[in-house]
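> Can you keep this structure in mind? I'll have questions shortly.
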Amino acid sequence: QVQLVESGGGSEQPGGSLRISCVASGRIFAIYRMGWYRQAPGKQRELVAMRFSGGRADIANSVKGRFTISGDFLKNTVSLQMDNLRPEDTATYYCKVLLQESYFADNTEFWGQGTHVTVSS
């Protein structure tokens, strides 16, 4: 079984910073991409940032220049440094990982349980 455990998040004022992290554990042969989605109340879940094992990183335009994604594919961890936070960043942030549990297994996506981020004065 694969587990994704998220940490960090919380409440911050506009202009502040928060960092969230996600660790994947369990039966893991290889991880191909790790990243973050978010879902605000009443809105669809959207991609925030994704890190690929080959080095590429995708960042949503809405957070570009403010958020930084980092990934360690040996330690199976991905983090999101969120700076200059805005009220519209308020959402539940979900870790998402694409991995292979064994050499012969298909690639499978896993989701974390979500961590809340609230930006308010």
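The values are calculated or read from the model by the stated rules, or taken from the named source; none is laboratory data. Note that the structure is predicted; figures quoted are calculated from it, not measured. Note: ideal-geometry Cβ built from the backbone for every residue, glycine included; neighbour counts use all protein chains shown. Side chains included, ligands, DNA and RNA excluded: accessible areas come from the protein's heavy atoms. Shrake-Rupley method; radii C 1.70, N 1.55, O 1.52, S 1.80 Å.
> Working only within segment 33-84, note down all residues that are open to solvent by 50 Å² or more (accessible area, probe 1.4 Å), among the hydrophobic types (A, V, I, L, M, F, W, C) and assigned to a loop (DSSP other than H, G, I, E, B).
Passing the criteria: Phe73, Leu74.
> Output the residue which, of all residues in segment 85-109 that are among the hydrophobic types (A, V, I, L, M, F, W, C) and assigned to a loop (DSSP other than H, G, I, E, B), is surrounded by the most Cβ atoms within 10 Å (Cβ to Cβ).
Leu85
> Here are the criteria: (1) modelled with pLDDT under 95; (2) closer than 24 Å to Asp83 by Cα. Tell me which single one Gln44 does not satisfy.
Tallying (1) modelled with pLDDT under 95; (2) closer than 24 Å to Asp83 by Cα, Gln44 fails exactly one: (1).
> Yes or no: Gly71 over 30 Å from Ser102 (Cβ atoms) and either out of contact with any helix residue (DSSP H, G or I) (no Cβ under 9 Å at 6 or more places or on another chain) or hydroxyl-bearing (Ser, Thr, Tyr) (or both)?
No; evaluated as a whole, the condition is false for this residue.
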